[in-house]
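Before any comments, here is the structure.
Read-outs throughout are calculated quantities, based only on the coordinates presented, and are distinct from any laboratory measurement. All values derive from a computational prediction rather than experimental measurement. All Cβ positions, glycine included, derive from the backbone under ideal geometry; neighbour counts span all protein chains shown.
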Amino acid sequence: METMKKSVQKQKFFLYFTVPIVFLMLLCSGTGLLQPGIYSRETPDWLAQCMGQDISNIFAVMPILLISAIFSAKGSRASQVIWAGTMITNIYSFMLYCFAVHFNGLFHFYCIILGLSVYAMIYFSAKYYGSDFGAWYKSEPFGKATGIFLLVTAGMFYFLWLSQSLPAALSGSLPEAVAADALLTNPVHVLDYSFYLPLIVISGVMLLRRNRIGYFLAPMMLVFELLTDVNIISLSVVTMVRLGTDSLVLVCGFTAFAVITLCILIRFMKRIKTE
């Protein structure tokens, strides 16, 4: 009984990191929506995307992060995977706030959220790195199909992003999105090329090889892909409303992709044992 109490006590770090992150996210995204003048230095397109991300933060990322943290603190392995995937998504989003949004009154809060999210993942990874993640599952969690799905989706995004950045690099011009948003580079391309797409590929390959790390990385990256779809849908809808752009095909496409990702994630997570 004493050992169990100590184990539960150690899980409280999920809440120690998550509660201040969620509070600051509510402050930042709430301010962005209620006082959009905070983004006055952004182009109309980038302003719409910032507001779309704020909506996604409040209605998707924050609730999932907080609820998964509560159940993670109680020892739920499935919740711990969801929490980690959501925190990875949060790092992505706040890298954009910190480096691709013009300096404003929320800058220091962006930095705090990014730092807390990074250190939360470092602490979590150090704590669980030696775990036998394969033993978390009561039966084979559709590893081959999930691994192939991850590799295919990574390939699709590589193709999509390269079709935008590579021709511009070869011709010495600016990609359309960079010019439209008055940015130095496309920060989404930077993060995806350098970190997130390689991580999706690694998780898919490890899962196909039945490596213990793959059994943890794969569902975590499925959570990341799902929330990324939600973010894209949100900012696309806001862009349509504010700028009158025709993004309906994009919204429908990512909605379908989100549904498929969610179904695969649910099938995978159902195989996790209840601790």
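Summary table
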{"item": "Packing-based exposure ordering (other Cβ within 10 Å, fewest first) of Leu265, Leu208, Leu27, Leu184", "result": "Leu184, Leu27, Leu208, Leu265"}
{"item": "Potential extension, Phe195-Lys270 segment - 0.36 nm per residue separation minus Cα distance", "result": "24.2 nm"}
{"item": "Computed lengthening from Ala168 to Phe59, 0.36 nm per intervening residue step minus Cα-Cα distance", "result": "35.7 nm"}
{"item": "Coil-residue trypsin sites (Lys or Arg not before Pro) of the stretch 29-94, DSSP, other Cβ within 10 Å capped at 15", "result": "Arg41, Lys74"}
{"item": "For the stretch 19-36, 3J(HN,Hα) per residue [Karplus equation, 6.51 cos²θ - 1.76 cosθ + 1.60, θ = phi - 60°, Hz, x = Gly/Pro]", "result": "4, x, 4, 5, 4, 5, 5, 4, 4, 5, 6, x, 5, x, 7, 7, 10, x"}
{"item": "Inter-part distance where the stretch 44-80 and the stretch 228-267 are each reduced to a Cα centre, Å", "result": "16"}
{"item": "Spin-label pair Cys263/Tyr158, simplified geometry with 7 Å Cα→Cβ offset, distance in nm", "result": "2.6"}
{"item": "Candidate aspartates and glutamates for bridging to Lys138, where Cα separation is under 17 Å - those fewer than 8 sequence places away on the same chain excluded", "result": "Glu275"}
{"item": "Exposure proxy ranking, count of Cβ atoms within 10 Å, fewest first, for Trp161, Trp136", "result": "Trp161, Trp136"}
{"item": "Residue-averaged [θ]222 nm for the chain, counting only DSSP H segments that reach four residues, each worth -39500 (n - 2.57)", "result": "-25000 deg cm²/dmol"}
{"item": "Tyr196, Tyr16 arranged by Cβ crowding within 10 Å, fewest neighbours leading", "result": "Tyr16, Tyr196"}
{"item": "Theoretical FRET efficiency, 1/(1+(r/R0)^6), r = Cβ-Cβ of Ile122 and Phe99, R0 22 Å, to 0.05", "result": "0.65"}
{"item": "Crossing angle, helix 77-100 versus the chain [Cα axis fit, 0-90 degrees, rounded to tens]", "result": "20"}
{"item": "Label assignment, percent of Cα pairs over 28 Å apart derived from the structure, set [x] 55; [y] 50; [z] 37", "result": "[z]"}
{"item": "Rounded to 10°, Cα long-axis angle of helix 44-56 versus longest principal axis of the chain", "result": "20"}
{"item": "Two-site label geometry, Thr245 and Ala135: point separation in nm, points 7 Å out along Cα→Cβ", "result": "4.9"}
{"item": "Residues with amide H under 5 Å from that of Tyr137, placed H, sequence gap 5 or more", "result": "Lys273"}
